[in-house]
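Reading through the structure tokens given below for one structure.
The values are calculated or read from the model by the stated rules, or taken from the named source; none is laboratory data. All figures in this text were calculated on a predicted structure; none of them were measured in a lab. Ideal geometry is used to build each Cβ from the backbone, glycine not excepted, and the neighbour counts take in all protein chains shown. Accessible surface areas use protein heavy atoms only, side chains included; no ligands, DNA or RNA. Shrake-Rupley method; radii C 1.70, N 1.55, O 1.52, S 1.80 Å.
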Amino acid sequence: MSRFFRGGESDSDSESEDYSSSSSDEDQKGSGSDDSNSNSSDSSDSSDSDSDADRAPKKGADFFKKGAFSDSDEDSDDDSKKVVKSARDKRFDEMRLAVKGVKNAQKINDWVAIQNEFEKLNKGYAKANAIIQREGVPRFYIRTIIELEDFMKEALTNKDAIKKMNASSSRALNAMKQRLRKHNKQYEADIEKFRATPVDEDASAEEAEILAAAAAKKTPRRHVSDSEESDSDDDDAPAGRDKWVKVSGDEGSDSDAGVKKSSKERRKLAKAAAAEAAGAEAAGDEFQVVGKGGKVFEVKPENLFKKLQEMIEARGKKGTDRQVQMDNLLRILEVASSPYQKVKVLLALIPSRFDSTSTSTGYMGVEVWKNAASELNALFGYLEENTGLCIVETNEEEDEETAAEAKFNNGEDVIIRGSLSSLIDRLDDEFTKSLQHIDPHTLDYISRLRDETSLYGLLVRAQKYFERIESPLAVDQTKMRRIEHLYYKPDLVIQAVEKEVRTLYPTLNETLEQPEELVENLCTSLYNTNVDRVRTRALLCHVYHLALHDKFERARDMLLMSHLQDHVGQTEVFTQILFNRTMVQIGLCAFRAGMVRETANALQEISSSGKVKELLAQGVQIQRFSEKTPEQERLEKQRQLPFHMHINLELLECVYLTSSMLLEIPNMAANAHEPRRKVISKPFRRMLDYNERQIFTGPPENTRDHVMGAAKALAAGEWQRCEELIHAVKIWDLMPKADKIKEMLTHKIKEEGLRTYFFTYSPYYDSIGMTQLASMFDLPVPAVRGIVSRMIINEEIEASIDQPTATVILHRAGASGGEVSRLEHLAGAYSDRVSSLVESNEKLLEARSQHLGLQQAQQQQSSGQRGDRSDNYRGGQHHGGSSRGGKQQGGVSGGGDRRGPGGDRGPRQSGYGDRSGGGDRNANRSGRGGGRGGNQGSRVGR
Amino acid sequence: MAQYDLTAKIGAYLDRHMVAPLLEFLLGQEIYPHEDVLTAKYDLLSKTKMIDYTDLIYREIHGIEDENVHEPGFEERRAVVLKKFEELTEKSSEIMDMIQDPVVIQQLKQDKLANIQFLTENYNFKPEMLNSLYDFALCNYATGNYEPAAVMLYHFRILSTDYDQNVSSLWGKLAAEILTQNWDVAYDDLNRLKEMIEQRNFTSHLQALQQRSWLIHWSLFVFFNHPKGRDGIVDLFFQPQYLNTIQTACPWILRYLATAAVVNKKRRNVLKDLIRVIQQESHAYRDPITEFIEALYVNFDFDGAQQKLKECDDVIANDFFLVSLQEDFKENGRLFIFETYCRIHQCIDIKDVSAKLNLNAEDGEKWIVNLIRNARMDAKIDSKTNTVIMGTQQNSIYQQVIERTKALSFRSSLLASNIEKREQELQNRRKGNDGNNKTGGGKKQGGGGGRKPQKEGGDESARAHSSETPSAFARTVGDE
């Protein structure tokens, strides 16, 4: 029984992976040949196309080997130690068990047992219904019921035996008779067929198996396809065939079977021919016949489209084996002859490649990707050769394939529906995904990166194609992808890639542009697109590229003109990441150009955030108090950039800290009195504080230590030490033209050192000779003069230059003619604040009176004030008013004074007010009166 | 000098006819070969309808003396233009008669629609006539008859209600006025055009940018010729939208802006903006004039500034717009250098500074004396050491604090009395409201009437207030 089962199974198995794994488990205990078989059937998952070829010459041996295989397989069928079983196996095993039971019971003529076992078998059949539906009624089942029927007939004719039976047994026999008659009616066709090809019981076990297999294959197939004409059956067919061929094809080395080969083969072929004749109309659907050319004949140019259609429809359905589908499509592709056919098949094949992405690794296998890429390439090749063909995403009506092909052959234009851009997108995305997942420090990563050239070539090709079919949207998308592969690369790489693309596709007659021009042209052409996202990204990439090429001004202007910084918060995350990258690149560019302030401005936001890694999508920072849902983490991981696109974070930090140092140290020196004000770079200050708090500072180890040490040296006026430390930072070597940058830094350090020196030590000098300064800081005298001049003009220091003696004369602002004391400084600050308080009060009143519609009154009031000066009469009148005001205010502030000391502050204030408001002494006096009144008022208030 | 010549850049933003004077100027400057300029001029004019003028240049290029030899196609083109001209003259004769009739003009009012109605009723006016007037004006302009074109466009603008045509006729009129050198009218037209541009809602930024950059270029003619232009250019160009336009579209205008800022003594406050813009755009545009500003105010390199000032002289002499400002610029540039120098130094060697000012020692001394005499600075000359000693204007902290706080008390008292007045006002109102409730509206009216004249007085004084406060205050302090 199990032999038949095997045969049937291998015919119509759709879960080959499960099956082969289970069978290989079993086979472990089988013969050596089994081992090789299972191994190769496992590996055949990935190397199907290869096995196609070597299978070809051995077609004769196929059946035999199949036999050999299932023979040995049979041994293990009964093995009770099976561990892994597919659902299908389990069901069938159950049924097989029942069949065995029936047989055993037959032997002892126990009709009760037969009935029980038969019930069991039918139950199993019902359970396995789904599988049977798919694969047809198992051979062994039919066989059992036939045997049972025969046995019953025999039993019924033997009246004596019946009489001898006990009551229960005869009752069971009668019941069985009824049941079986009813039951077997359902399978009449199958039974008949089975009987038509009776199994020679004498034949060897193998042969029986083969025959059974051949017949069984025929029967269920017909059964289903006749009754339902279902598609699922049809796509099973190739699957089954495939399995068959695969399994058998691997058995080439099995030589001991060779002896029996010839006789069996002959018989087998005869059977196969008969079977084919029987199912003539269905022959096209079946794949078990393998022809001489080594090719699978079942897919013929005539029925190619039908098969293809079936494949496409089966795609994504439950139970469809993607691997098998892919192999079948490949086979169809081999058969396809005209470009139209090829294109159609490729359009189905490439998506099926993408389907096979395994979920465990999270990205598409490199080999599969490469296949997909080469197929896509071939697709473009066909499209380029046959300009009449074109693939459009939205095509309402598509001609019938055959009609379309005829049209194509007539040289007419044919439009196929399909989305090439989505294929390209997918390919590109899968590439990125794989880079995200491969460890960047391995060779794998590098070899994977090499594939980028072919991908880039595809993009270029696609762009050309879309340009030809005039699909502006797709052109823009492809260009965008192209830019995203270019913008962050150095010129040399771009040039190499472009050259490589031109050798790959000589048909591409695009002139080789300079990398910069190339990016510029691509980006500029995208500025007219009406997809916001593309436009924004193109702009950012362009800016990034410009910044990479030290075109700071242009990059800055472009970014500013776009006003992107205003609304970048509303864009999607990927664009924000790109924006951050661009900002960083602009900052680095500014640094290379020696623009310290611009560097700090550009990098400020990102570097001080504390989550540089996240902002640049270059890894996830572990934060202490962050609570992220797994979902968030997953999304974040998805966003990560491949390693080769990363911006060196250490370099970024170094640049930011260095520029912060150059700005912050003089700033701190200038505002020594109030260190907490006007902080330029908070992170820098924090680090510096931390560094200073340490009891013992060892020699600098990392970049940060170096910069901190340098900062302290700079603050102390030791520019040489500062320079030394900054130059000792290794990371500068990563910058292009590191020497120049160091030179620039030296220059800046000298300048800022001079400024810091001035801020820190000027209180201790009356005059400083400029030549001395120049020699101290190793600067030319005119440079010193320029720096000092700028400081004087900007009122950073109180000094002037005495030209004849070339000295800087320092002026003392302090009362004692010396340094500004802390008290004096505070007084100045205090006066500033008071005046700002008054100002804000005035504003408040104005706003309030406008609010109440009292603007009038205020104006009136000020007219009174003016009146004081212009004419006496009104002035006098006003004094009364203002003194009253004084009183009133005194009252008010007196009330307020309850809470604190200095109770007469209020009145005095009002007195002052009147004094200054009043034009003459008289007014003053009356004002004072008012003040006194106010004083009283305050007392009253108390 | 050719690298500093902006004719080509500016020309792109001008009308064909307006470039002619620029080329005319270049002919006299010897920067470019004579023939080249002539050819350029010929190319320029051959696309206008000024056939005779073009022919003249053609003959000059080819050295043709003969009166009867003309450029190829001369006769036909001339005939075509003349025919067109006559056609249009005829077509528009009706309306021309109408609008030139003093009786009609007297009866016209401000309201365009009323005017049209009036003309339609009394003078058989038809809307198509306006179009022919417009066409005729255009034809006149194209043939070089700027004055009649301006007049016609003036009348057209009085009557036409079509907005777009109105704008373009204003552009046309401005061009015509510029070409007839009617600066007063051009200045008014320029302002009108500016308002129109500012009020208009452009569909795209690009359009707005274009209109503004045209205006900027056209206005150069007016600003550098009209007496009020020196202030006008600074006021207009330093408006944020125009400054942005200059930065985005035409950085070379910075030359004119810088020159105008240097020459203008009243508008010193714009210097900071100017320096900023020049620094920002230094990568996009630089010439000796912007470099002069940069050297002086960014690098404080006086020798460099002096050097640049000398170069500026040449550039300005060869610039169509700036040539009239040559002396002014030199003088003011010198002043700039000296002023900045004085702010930094406390003791200056006259010989040295004279060299920096591009003067000999004696002239330098004279110049400085003149400056001091004109009370521009607090300085004295020490003839013994031959130096200028600057008066120090250092304030001690004590003084600074007083300086900063002395106005506060006055302001506070003002504030206090303001509050008090408000209280009173509120009380009065409340009372008034109560009264109203009892006696009706009579009292309220009275109250309102009583308030009103006061308010007017208040208005006036509020305006005067700001200017008078400091002096009044100073007096009070003095009293103390």
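Could you please put A:Y382, A:Y505 in sequence from largest to smallest accessible area, using a 1.4 Å probe?
Working: A:Y382 55, A:Y505 15 Å².
Highest to lowest solvent-accessible surface, that is A:Y382, A:Y505.
Which whole-number value in Å³ per residue fits the convex hull of the alpha carbons of the range A:446-527? Walk me through the intermediate numbers first.
Values: hull volume 7.2 nm³, N = 82.
Given the Cα convex hull of the range A:446-527, per-residue volume reads 88 Å³.
What FRET efficiency, computed as 1/(1 + (r/R0)^6) with R0 = 51 Å and r the Cβ-Cβ distance, is obtained for B:V80 and A:S338, rounded to the nearest 0.05?
Values: r = 63 Å, r/R0 = 1.23.
Computed FRET efficiency for B:V80 and A:S338: 0.25.
May I ask you to rank A:S608, B:S417 by accessible area, largest first, using a 1.4 Å probe over the protein chains only?
If we order A:S608, B:S417 from most to least accessible, we get A:S608, B:S417.
Rounded to the nearest 10 Å², what accessible area does B:E75 have for a 1.4 Å probe in the complete protein model?
Around 110 Å² of this residue is reachable by solvent.
Within a 10 angstrom radius of each residue's Cβ in B:419-432, how many Cβ atoms of other chains show up on average? Whole number is fine. Let's see the in-between values first.
Details: counts 10, 12, 13, 10, 4, 7, 9, 3, 0, 1, 4, 0, 0, 0.
Shielding by partners across B:419-432 averages 5.
Across the residues of B:301-309, average count of Cβ atoms on other protein chains within 10 Å?
Values: counts 5, 4, 1, 2, 0, 0, 0, 0, 0.
Going residue by residue through B:301-309 and averaging, the value is 1.
Note down the magnitude of the dipole of the range A:531-619 about its Cα centre, charges +1 on Lys and Arg C-beta and -1 on Asp and Glu C-beta and zero elsewhere, to the nearest 20 debye.
Values: 11 positive and 9 negative charges, 40 e Å.
About 200 debye.
For A:Y765 and A:K164 in the same chain, what is the full-extension length gain: residue separation times 0.36 nm, less their Cα-Cα distance, in nm?
Values: separation 601, 0.36 × 601 = 216.36 nm, distance 13.72 nm.
In short, 202.6 nm is gained.
Tell me the mean residue ellipticity at 222 nm calculated for chain B from its helices only (DSSP H runs of n ≥ 4, each -39500 (n - 2.57), averaged over every residue, nearest 500).
Numbers: 23 runs with 354 residues, N = 480.
So the helix-based figure for chain B works out to -24500 deg cm²/dmol.
Shielding by partners for B:344-352, please: the mean number of other protein chain Cβ atoms within 10 Å of each residue's Cβ. Don't skip to the end; give the middle numbers.
Values: counts 12, 8, 8, 8, 4, 3, 1, 0, 2.
Mean shielding count: 5.
Treating only the Cβ atoms of Lys and Arg (+1) and Asp and Glu (-1) as charged, compute the dipole magnitude of chain B about its Cα centre; round to the nearest 20 debye. Walk me through the numbers on the way to the answer.
On the way: 58 positive and 70 negative charges, 731 e Å.
The calculated dipole for chain B is roughly 3500 debye.
Taking 31 Å as the cut-off for C-alpha to C-alpha distance, list the pairs among A:K750/B:K266; A:K678/B:K266; B:K228/B:K310 that go past it. Walk me through the intermediate numbers first.
Details: A:K750/B:K266 39 Å; A:K678/B:K266 34 Å; B:K228/B:K310 27 Å.
Cα-Cα > 31 Å for A:K750/B:K266; A:K678/B:K266; rest within.
Average the reciprocal distances over every distinct pair of alpha-carbons in the range A:590-720, invert the result, and give the Kirkwood radius in Å. Could you put the intermediate results ahead of the total?
On the way: mean 1/r = 0.0606 Å⁻¹.
After inverting the mean inverse Cα-Cα distance, the result is 16.5 Å.
Rounded to the nearest 10 Å², what accessible area does A:V707 have for a 1.4 Å probe in the complete protein model?
Rounded to the nearest 10, the figure is 0 Å².
Heavy-atom accessible area of B:S168 with all protein chains present, probe 1.4 Å, nearest 10 Å²?
Probe radius 1.4 Å; accessible area of B:S168 about 50 Å².
For B:H17, A:H549, give me the order by solvent-accessible area with a 1.4 Å probe, most accessible first, ignoring ligands, DNA and RNA.
Numbers: B:H17 10, A:H549 40 Å².
The most accessible residue leads, giving A:H549, B:H17.
Using the structure shown, select from A:K103/A:K182; A:K100/A:K120; A:K611/A:K742; B:K49/B:K84 the pairs with a Cα to Cα distance greater than 19 angstrom.
Values: A:K103/A:K182 21 Å; A:K100/A:K120 11 Å; A:K611/A:K742 28 Å; B:K49/B:K84 11 Å.
Among A:K103/A:K182; A:K100/A:K120; A:K611/A:K742; B:K49/B:K84, the Cα-Cα distance tops 19 Å for A:K103/A:K182; A:K611/A:K742.
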